[in-house]
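Structure record follows, encoded as structure tokens.
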Amino acid sequence: MIGTTVLHQTHFLLPQESPDVNLRLKEQECLTLLRRCMHMEEFRQAHAQILKWGFFSNSFCASNLLATCALPDWGSMDYASSIFQQIEEPGTFEFNTMIKGYAKDFNMEKSLFVYCEMLEKGVHSDNFTFPSLLKACAWLKAIKEGMQIHGHIFKIGLESDLYVQNSLINMYGKCGKIQLSSAVFEQVDLKDVASWSAIIAVHTSFGMWCESLKLFKEMGHDRSCRPEESLYVSMLSACSHLGALDFGRCLHGILLRNISELNLTVQTSLTDMYINCGCIEKGLCLFQRMIKKNKFSYSVMISGLAMHGCSKEALEFFSEMLEEGLEPDDVIYVGVLSACSRAGLVEEGLQCFNRMKFEHGIEPTIQHYCCIVDLMGRAGMLNEALEFIRTMPIDPNDIVWRSLLSACKAHHNLKIGEIATKSSVPLILHNPSDLLILSHMYARAKKWEDSAMVRTELACQHLHQTPGFSLVEVKRKIYRFVSQDMSHRESEDIYEMIHQMEWQLKFEGYSPDTSQILLDVDEEEKRQRLKAHSQKLAIAFALIHASQGIPIRITRNLRMCNDCHTYTKSISKIYTREIIVRDRNYFHHFKDGACSCRDYW
DNA sequence: GTATAGTATC
């Protein structure tokens with residue numbers, strides 16, 4: 001036994017074996033040196049040492065040198081590029097490293113450029129090449145290049161690689177090709193959490209929120225022991241848009257049960273979900289418990305408070321954010337300006353607008369101009385608002401004119417109302433509700449002929465209107481109602497409930513306001529139609545199913561009509577129910593017969 | 001032999 005060991009050791013040290021062993025040792029030494037680098041200065045020293053040892057000619061050492069320079073956060077792609085150029089025959093690993101390094105630095109064009117160089121030199125791509133490359137295409141929305149690369153993937157035979165497939169799902173989604181994205185997803189045999197996460201994120205970004213929820217259910221919970229945080233961010237965003245509070249709460253529960261400390265992004269998404277589902281206190285509580293906050297958390301909170309009509313608090317948080325040294329962006333300013341507008345803080349609003357431009361160097365977008373028109377309009381400064389629109393450096397859109405028109409309606413200024421409508425004839429043609437406001441204003445001024453003329457115009461166009469819908473969540477399921485909906489299984493019960501509600505409302509002195517019905521039908525028909533507006537159907541359905549004492553939360557895509565507003569106020573009183581309705585940009589809290597918007601919306 | 005995708009606010 002002893003003899004064998006000795007023999008073996010001797011054999012191991014035979015002269016012909018030693019160069020190879022020495023080489024391995026050298027390589028290991030290089031690698032250890034490079035792995036120890038924690039910042040640029042250490043890396044420079046390691047680089048010098050490797051040159052001194054004469055190891056740069058060793059391809060393994062050179063590759064690792066390159067990767068250490070290109071990939072970490074402290075790395076430098078300029079430096080990496082100079083190393084890359086000194087490598088005589090860069091191979092797949094070196095090219096992959098460069099592609100990934102540039103993509104990591106968001107230098108996506110260079111990433112693609114390196115790939116072209118790789119193709120020219122005939123260097124083979126592998127499964128590591130495509131994830132970063134497709135990420136670059138996704139970022140640049142370079143669908144043509146993305147599809148070409150998809151072609152290369154087929155040619156090489158990597159179309160079944162899970163990492164490549166997941167990257168393709170993301171790339172097609174980011175390039176706006178949801179069908180291609182779904183097609184790739186369907187072809188994935190063994191879908192992992194990342195595949196589901198990618199396809200759900202794609203649906204959420206497309207505004208297909210119900211589909212996101214469906215996909216999540218389809219995925220089931222058994223596929224991952226620990227929930228992927230980014231998946232939950234997409235899911236919470238979907239819930240936030242849908243007003244799906246119960247679903248969102250359920251996600252919150254899963255997160256709490258599985259993750260000991262939620263990261264800032266998830267915390268922000270949770271806050272956003274609660275606020276957009278109408279639970280402002282819960283959102284506030286989560287926000288205040290965040291140890292660290294970033295501009296997104298503040299953004300969610302500021303816009304949220306503004307949407308709920310809590311302007312003072314929104315502006316306080318804005319000051320707090322600035323004090324913390326966080327740089328505001330254009331989105332945050334939309335929240336800030338709308339808070340000023342709701343609270344009638346004209347001076348502050350205009351100051352913020354100037355501060356945004358001059359102090360923070362943010363170019364105002366159409367949304368900011370909209371806020372200012374709204375700000376002036378609400379305050380009754382109609383001439384100033386009109387002047388402001390006329391001197392805006394960008395073309396006003398229909399929303400800007402509509403803000404002015406709404407203000408004219410509230411302040412009974414027919415003259416400027418006419419200008420607001422007529423200045424934008426080609427645009428406004430698409431939105432009959434604007435013409436309706438004008439016709440009301442004519443009627444109020446007893447200009448019957450003008451009123452009739454506008455209505456005739458309206459009757460020709462009412463088909464162009466975006467179909468309105470209301471969403472309501474009952475027992476973690478979202479129900480969607482459109483006006484005159486008969487498609488629900490419980491339609492009969494819902495209409496019976498509507499009938500009962502009408503009886504009760506009559507005692508309260510409610511009378512239907514049919515003036516906003518656009519159709520050319522008789523008064524009785526109008527009343528029938530009014531009864532079955534989507535919001536009313538949703539309320540009836542929720543009254544049948546949701547437990548007493550729990551607020552009814554409705555999310556709708558269009559602005560509420562006057563009648564639905566009055567109706568909901570009365571219902572909140574008769575049934576002693578809090579009803580929270582979110583429309584495109586505001587929360588209406590109906591309680592005891594009153595609404596938080598104080599009837600200006 | 002070295003590394004690999006998906007992430008929120010108008």
Defining a contact as two alpha carbons under 8 Å apart and six or more residues distant in sequence, what relative contact order in percent does segment A:473-595 show?
25 percent
With 31 Å as the limit, write out which pairs from A:135/A:477; A:177/A:312; A:52/A:155; A:121/A:144 have Cα-Cα distances beyond it, or answer none.
A:135/A:477; A:177/A:312; A:52/A:155
Contact order relative to length of segment A:73-205, as percent, for alpha carbon pairs under 8 angstrom and 6 or more apart
18 percent
Just subtract the alpha-carbon distance of residue A:522 and residue A:229 from 0.36 nm times their residue separation and send over the number in nm, one decimal.
100.0 nm
Extension reserve of the residue A:397-residue A:265 stretch, reckoned as 0.36 nm per residue once the Cα distance is removed
44.2 nm
Burial order of peptide ranges A:323-333, A:504-514 (average beta-carbon count within 10 Å, highest first)
A:323-333, A:504-514
Using Cβ contacts closer than 10 Å as the measure, can you line up A:156, A:394, A:372 from fewest to most?
A:394, A:156, A:372
Give the Rg (one decimal place) followed by the Dmax (whole number) of segment A:88-139, computed from C-alpha coordinates and expressed in Å.
9.8, 31
May I ask you to order A:492-503, A:339-350, A:523-534 by the average number of other C-beta atoms within 10 Å around their residues, highest value first?
A:339-350, A:523-534, A:492-503
Run the paramagnetic zone check for residue A:163: 7 angstrom along Cα to Cβ, then residues of segment A:105-146 with backbone nitrogen under 11 Å.
A:126-133
Computed over chain A: relative contact order in percent, which uses C-alpha pairs under 8 Å that are six or more apart:
6 percent
From fewest to most C-beta neighbours within 10 Å, the residues A:66, A:31 line up as A:31, A:66
When the helices in chain A are scored as -39500 (n - 2.57) per DSSP H run of 4 or longer and the sum is shared across all residues, what 222 nm value do you end up with, to the nearest 500 deg cm²/dmol?
-20500 deg cm²/dmol
Compute for segment A:473-595: radius of gyration divided by Kirkwood radius, i.e. Rg/Rh, restricted to C-alpha atoms, rounded to two decimals.
0.93
Just the Cα atoms of chain A, one point each, no solvent: what log10 I(q)/I(0) does Debye give at q = 0.09, 0.10, 0.13 Å⁻¹?
-0.89, -1.05, -1.44
Whichever aspartates and glutamates have a C-alpha closer than 14 Å to that of residue A:110, once near sequence neighbours (fewer than 8 apart) are set aside
A:78, A:145
Order these by the 10 Å Cβ neighbour count, fewest first: A:365, A:129, A:566.
A:365, A:566, A:129
Other-chain or far-sequence residues with amide H under 5 Å of residue A:582's (modelled H):
A:554, A:555, A:556, A:588
Distance (nanometres) between label positions extended 7 Å along Cα→Cβ at residue A:599 and residue A:448
2.7 nm
Mean Cβ count within 10 Å, highest first, over the residues of peptides A:196-202, A:263-269
A:196-202, A:263-269
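Here, each number is a calculation from the coordinates, and none is a lab measurement. If you're wondering where the values come from, they're calculated on a predicted model, not measured in any experiment. Note: ideal-geometry Cβ built from the backbone for every residue, glycine included; neighbour counts use all protein chains shown.
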